[in-house]
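Written out below as structure tokens is the structure these notes cover.
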Amino acid sequence: MTEDARDYFYAQKPNRKQYPEQIEQNDFEKNLLFTQKYFFLGEHKKLLEIEKEVRKVTNNEVNIVFVNEKSLEIFSSDCDKAVAAGFLLQRDGLTLQDAVSFGDGFNDYDLITQTGLGFAMKNSIYRLLEKLTDTEVIGSNAEDGMARKVREIFKI
């Protein structure tokens, strides 16, 4: 663990209560398919190397997404935000097509593309914007883009 990673982690959301457990490379490779989610924090170039290696080791059998340029997530291939939202909506007799979604990280891709209305934030990671070529890009988080779009959609 480096202090840089810890500082970065808390700088993103200062109110966080717990820093994630740190593991060694051998433990990562041994337990990759049995752990719910891994987070990697660091420089984008290094995270791209990790992404490439994990894809090779797992034969692309896990989800690997950049939340932002300095944060990489690895998790089960059968789990994403669209799956979770679909489960919750179904309890109320709704489907993903009945929902509106917003996102700024690549972990939002499935949700944005599967909901009835999906929007990318202006501050999204470049990979998300490159893949969502037919999706409306709205104002950034700092510009209250989501709040403005919700007011527009629901005329409030």
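The values are calculated or read from the model by the stated rules, or taken from the named source; none is laboratory data. On a predicted model such as this, the values are computed, not experimentally measured, just so you know. Using ideal geometry, Cβ is built from the backbone for each residue, glycine included, and neighbour counts are taken over all protein chains shown.
Overview of results
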{"quantity": "Scope the stretch 79-130; condition β-branched (Val, Ile, Thr) and under 12 Å from the mean Cα position of the chain (by Cα); matching residues", "calculated": "Ile112, Ile125"}
{"quantity": "Subset tally (residues that are aliphatic (A, V, I, L, M), at pLDDT below 70 and not in a loop (DSSP other than H, G, I, E, B)) for the stretch 6-47", "calculated": "2"}
{"quantity": "Residue among Lys155, Lys149, Lys122, Lys81 that is modelled with pLDDT under 95 and of a type in the set (Lys, Arg)", "calculated": "Lys81"}
{"quantity": "Flag for Thr95 being more than 30 Å from Glu21 (Cα to Cα), of a type in the set (Ser, Thr, Tyr) and in contact with a helix residue (DSSP H, G or I) (Cβ under 8 Å, 6 or more places away or on another chain)", "calculated": "yes"}
{"quantity": "Test for Ile138: is it in contact with a helix residue (DSSP H, G or I) (Cβ under 6 Å, 6 or more places away or on another chain) and more than 20 Å from Val65 (Cα to Cα)", "calculated": "yes"}
